[in-house]
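*Asks:* This is the structure I have questions about; it appears just below.
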Amino acid sequence: MSFIKKYLVKIQSRKYLLKEKLARDRIRKLNRHDERLVQNLHAKKKFPSFKQLFYISKYLSKGEQLAIRILSGIVIVSICSLLLNFYWTHSTIVPTAGGSYTEGLVGTIRHVNPLFAQTSDADMDLTALTFSGLLNFSENGFTKDLAEDYQISADQKVYTFQLRQDVLWHDGEKFKADDVIFTFERINIPETKTPIYFNFKGAKVEKIDDYTVRFTLSESFAPFLESLTIGILPQHIWENIPPENMSLAEYNLKPIGTGPFKFKSLVKNKNGTIKNFNLERNNDYYGTKPYIDELTFKFHSDFAQAVDALNNKNVEGISYLPKELRQRIINNRNLNFHLLQLPQYTAVFFNYSQNPVLKEAQMRKTLSYAVNKEKIVNEILNAEAQVIDSCILPESLGFNSDIEKFSFNSQLAKEELEKAEWKLTDYKKEEPPTEESEDTTDDSAETPEPETTEEYPFQVRQLKNRYLEFSLTTVDQPENVKIAKELQKEWQQIGAKVNLIFVKPNQMQEVIKNRDYEALLYGQILGYDPDPFPFWHSKQKTYPGLNLTSLADEKIDALLEQARKTSNEEERAGKYTEFQKLLTDSAPAIFLFNPTYTYPQNKKIKGFNTSKIINPSNRFNQISNWFIKTERKWTD
């Protein structure tokens, strides 16, 4: 029994081994079959097919599979990097339409109208964006705007303009020669009362055809091209409004022009004061269309308030930043401070017809000696200005550096007063007028009260029952206030009693219009051409003229008239040189400085590349190049 059991066990063991061997042989056979299948499938192809790739993992270890995955990832990343690099090197970032910009302006608006805007910077800004002239300013001279081309006759008296034929007014009407004729005819009507009336007096304009106009001057006028940068009005809007009512028309606040932006809306407060003025892109603009969709302007009473709005992000830029307020700017990193060159000067203008103390030229010269211009420029303006001695700026046509200069010399000023028998004496205010005296004051007019910064601690000069006393008026803005107080202090040192009058920005226009001042601290913008006629000819002494003094000199008038009639630059320069000598001898003003123009703007605005402007509104000359949004495009 024992033998049988062993035999049976042996047989079962052999069967088990045989089954195991058969299983192994079968697996080997199947594996060889699979290998041949993989090898023979699409044998003619050099590379495995997509189906064959599924079998690869069966022949790789886990380490090999991990290495393959890592290598594949590197390859994919490399390919993506190459494609991305190719895209970046064969494309460029370009501006695209979109976005809005909000800017703060000081003052308010009354006339968004090229015929009346000259006396207000805010009006000028909005007029520049909504209207177009035959010509426009650029840093290199004049550029054609509504004019497609023009010719000037040899005698400089006939100007012929061919007009663009692709221009539409904001309301969709076509722009034609009739609009040009209408605009200049209205300027030449005295009842219109435009400040630019004298610029075109004696100029005849005629229509040649629907797109050609001709200007004929009675005599040559060198600065005439600059005059043709004035915006053109639409005849179909204004022709039924009488000239004397133009300044009152609704279209002064809802303008229709041909400029790159058009009127959208305005917002008033309960008192009727305009708080916001909104413009939108003119999609029918004939020139380069702006990228920016919308412009919003917010109005502030002074520059300090405008700076606060900029710090609080209520606006993204302000029209001008006074030097002394720059340190109050909080968001320096978010702003670009554009320092622009501007043909402007600030001076003290003497309206001596209002005060006999200032009538003598020697007295005005003596006051000039007491003014420390360098101190004003360095300490108040942070050296961001140039001291000047003339109304014609350095590098301008006819600038004369050899004129008499009244350098600061307080001791000399005192000596001159003593020579003229002005004696120091106790200051006594004049008695108020008696009831029998005739009161010529106008109670209806709101005249600012004189302001004295301190009680008068010393004697004032007196001559024949007259005290050396006068008032100095200026706009109530920080920079002007500081300068006025410094002038008051310097004149006090020589025994002059100076009363300061500070006028709100929105009232300054009325003060100048009425010439309601004895001495005026004010800035004047000269324009592209250095022609001093509008500022110093005797015919410009009353509104809308720009002569802010009492100057009326026949020799000066003759020189200015002759200079603007010649196109010979050397001859003009000679006239201006002689004019400056006469002006210095008369001393109707104390010329202080030529400032730089600081224009702060949020860095989101790109494409601003202006460096020189003729007036503040010229900062918008290249606004079609400003952009906020960008996109990437393939390059050829």
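*Asks:* Tally time: how many residues in the stretch 363-414 are assigned to a loop (DSSP other than H, G, I, E, B) and within 25 Å of the chain's Cα centre (by Cα)?
*Replies:* 12
*Asks:* Continuing with this model, one more query. Which pairs have Cβ atoms under 9 Å, sit 6 or more apart or on different chains, and link a residue in the stretch 291-320 that is farther than 16 Å from Lys275 by Cβ to one that is among the basic types (Lys, Arg) and part of a loop (DSSP other than H, G, I, E, B)?
*Replies:* Glu316/Lys604
*Asks:* Just to be sure before I move on: is Lys176 surrounded by 13 or more Cβ atoms within 10 Å (Cβ to Cβ) and over 22 Å from Thr288 (Cα atoms) in the structure I sent?
*Replies:* No, not satisfied.
*Asks:* Among the residues of the stretch 355-397, which ones are among the polar types (S, T, N, Q), modelled with pLDDT under 95 and buried (at least 20 other Cβ atoms within 10 Å of the Cβ)?
*Replies:* Listed by number, the list holds a single entry, Ser390.
*Asks:* Which ranges mark the helices (runs of 4 or more DSSP H) fully within the stretch 475-553 that have 1 or more residues being over 28 Å from Arg564 (Cβ atoms)?
*Replies:* Of the helices (runs of 4 or more DSSP H) lying wholly inside the stretch 475-553, those with at least 1 residues that are over 28 Å from Arg564 (Cβ atoms) span 478-492, 505-514.
*Asks:* Turning to a different aspect of this structure: Go over the candidates Thr566, Thr584 one by one and state the one that is farther than 23 Å from Asp389 by Cβ and not aromatic (Phe, Trp, Tyr).
*Replies:* Thr566
*Asks:* Given (1) in contact (Cβ under 8 Å) with a residue 12 or more places away in the chain; (2) in a strand (DSSP E or B), where does Ile256 come up short, assuming only one miss?
*Replies:* (2)
*Asks:* If a residue must be more than 30 Å from the chain's Cα centre (by Cα), surrounded by fewer than 17 Cβ atoms within 10 Å (Cβ to Cβ) and not charged (D, E, K, R), how many such residues does the stretch 179-211 contain?
*Replies:* Counting residues in the stretch 179-211 that are more than 30 Å from the chain's Cα centre (by Cα), surrounded by fewer than 17 Cβ atoms within 10 Å (Cβ to Cβ) and not charged (D, E, K, R) gives 4.
*Asks:* Restricting to the stretch 146-173, give me the number of residues that are touching a residue at least 60 places away in the same chain (Cβ under 8 Å), within 20 Å of Asn283 (Cβ to Cβ) and not hydrophobic (A, V, I, L, M, F, W, C).
*Replies:* Adding up the residues that qualify gives 6.
*Asks:* Please go through the stretch 255-267 and pick out each residue that is surrounded by 12 or more Cβ atoms within 10 Å (Cβ to Cβ) and not hydrophobic (A, V, I, L, M, F, W, C).
*Replies:* Pro255, Gly257, Thr258, Gly259, Pro260, Lys262, Lys264
*Asks:* Inspect the stretch 459-467 for any residue being among the polar types (S, T, N, Q), farther than 18 Å from Ala370 by Cα, in the same structural domain as Lys419 (by TED's automatic domain parsing) and without any contact (Cβ under 8 Å) to a residue 12 or more places away in the chain and give the result as yes or no.
*Replies:* There is at least one residue in the stretch 459-467 that is among the polar types (S, T, N, Q), farther than 18 Å from Ala370 by Cα, in the same structural domain as Lys419 (by TED's automatic domain parsing) and without any contact (Cβ under 8 Å) to a residue 12 or more places away in the chain.
*Asks:* Only one of Glu571, Glu561, Glu578 is without any contact (Cβ under 8 Å) to a residue 12 or more places away in the chain, outside any loop (DSSP other than H, G, I, E, B) and either surrounded by 21 or more Cβ atoms within 10 Å (Cβ to Cβ) or in the same structural domain as Gln386 (by TED's automatic domain parsing) (or both). Can you tell me which?
*Replies:* The unique qualifying residue is Glu571.
*Asks:* Within the set of pairs 6+ apart or on separate chains, which have a first residue in the stretch 90-109 that is at positive phi, a second that is of a type outside the set (A, V, I, L, M, F, W, C), and C-beta atoms under 7 Å apart?
*Replies:* Note: pairs meeting the criteria are Gly98/Asp293; Gly98/Lys629; Gly99/Asp293; Gly99/Lys629; Gly107/Ser120; Gly107/Asp121; Gly107/Pro505; Gly107/Asn506.
*Asks:* Restricting to the stretch 281-295, what's the tally of residues that are in a strand (DSSP E or B) and surrounded by fewer than 18 Cβ atoms within 10 Å (Cβ to Cβ)?
*Replies:* So the answer is 1.
*Asks:* Let me ask something else. Hey, among Leu592, Leu583, which residue is touching a residue at least 24 places away in the same chain (Cβ under 8 Å) and not in a strand (DSSP E or B)?
*Replies:* Leu583
*Asks:* Would you check if Ile181 is assigned to a helix (DSSP H, G or I) and of a type in the set (Val, Ile, Thr)?
*Replies:* Answer is yes for this residue.
*Asks:* Using the structure shown, decide if Asn355 is under 24 Å from Leu472 (Cα atoms) and touching a strand residue (DSSP E or B) at 6+ places or on another chain (Cβ under 6 Å).
*Replies:* For Asn355, the condition - under 24 Å from Leu472 (Cα atoms) and touching a strand residue (DSSP E or B) at 6+ places or on another chain (Cβ under 6 Å) - is met.
*Asks:* Quick check: is even one residue across the stretch 105-114 more than 25 Å from Asn609 (Cα to Cα), touching a strand residue (DSSP E or B) at 6+ places or on another chain (Cβ under 6 Å) and of a type in the set (S, T, N, Q)?
*Replies:* For the stretch 105-114, residues more than 25 Å from Asn609 (Cα to Cα), touching a strand residue (DSSP E or B) at 6+ places or on another chain (Cβ under 6 Å) and of a type in the set (S, T, N, Q): present.
*Asks:* Which condition number does Ile241 fail, the rest of (1) of a type in the set (Val, Ile, Thr); (2) touching an Asp or Glu at 6+ places or on another chain (Cβ under 9 Å); (3) surrounded by fewer than 17 Cβ atoms within 10 Å (Cβ to Cβ) being met?
*Replies:* Tallying (1) of a type in the set (Val, Ile, Thr); (2) touching an Asp or Glu at 6+ places or on another chain (Cβ under 9 Å); (3) surrounded by fewer than 17 Cβ atoms within 10 Å (Cβ to Cβ), Ile241 fails exactly one: (2).
The values are calculated or read from the model by the stated rules, or taken from the named source; none is laboratory data. From a predicted model like this one, the values you see are computed outputs, not experimental measurements. Note that we place each Cβ from the backbone using ideal geometry, even for glycine, and neighbour counts take in every protein chain shown.
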